[in-house]
Amino acid sequence: PSFAEDAPAEHPGKAVYVTCVACHQATGLGIPGVFPPLAESEWVNGPAEKLIRIQLRGLMGKITVKGVEYNSVMPPNSAMTDQQIADVLTYVRSNFGNKADAVTPEMVKAQRGEVGKPMLTVADLIDPAKKEDDAAKKEEK
């Protein structure tokens, strides 16, 4: 057998991630003050549905990631197939210090109705930091 057959296969999402590199960088660290990091991000490690919606609709306006506020635009990637979106999100959620569950094409397909709606803002999403604060408040009661 050749070396290529013996080598572990590259994650299919890595090839799709080239679309993301200009802003989020090959390291997943983003561009400080301009584009947020994906590395060890509370948003990446949060509910997959949120990331799927961002892929399908894009995101604009202010977002706080790891305590730093960013204010830019991420265009929608709705032209990608369900498989490509599942692959790239699974890749991001399992690399760059992230440890979150895989995303399946079925999960993406279930959110396809989001395509064509206006770009998302943080107000359209549940902030993972606020969700943790709410859970802590409930535990205090």
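The values are calculated or read from the model by the stated rules, or taken from the named source; none is laboratory data. Only a predicted model underlies this, so the values are computations on that prediction, with no experimental measurement involved. Using ideal geometry, Cβ is built from the backbone for each residue, glycine included, and neighbour counts are taken over all protein chains shown. All accessible areas refer to the heavy atoms of the entire protein, side chains included, with ligands and DNA or RNA removed. Shrake-Rupley method; radii C 1.70, N 1.55, O 1.52, S 1.80 Å.
Spin-label model, Val73/Ala15: points 7 Å from Cα along the beta carbon direction are separated by 3.1 nm. Taking other residues whose beta carbon is less than 10 angstrom from the beta carbon of Gly13, and scoring Lys, Arg as +1 and Asp, Glu as -1, yields 0. Direction-averaged projected area, Cα convex hull, segment 20-100: 4.7 nm², rounded to one decimal. Each peptide in 100-106, 37-43, 117-123 gets a packing score, the mean of other Cβ atoms within 10 Å over its residues, and the list from highest to lowest is 37-43, 100-106, 117-123. Only protein atoms count toward the accessible area here, which uses a 1.4 Å probe; on segment 24-119, the carbon and sulfur part of that area reaches 58 percent.
Across all directions, the shadow cast by the convex hull of segment 42-87 built on its C-alpha atoms averages 3.3 square nanometres.
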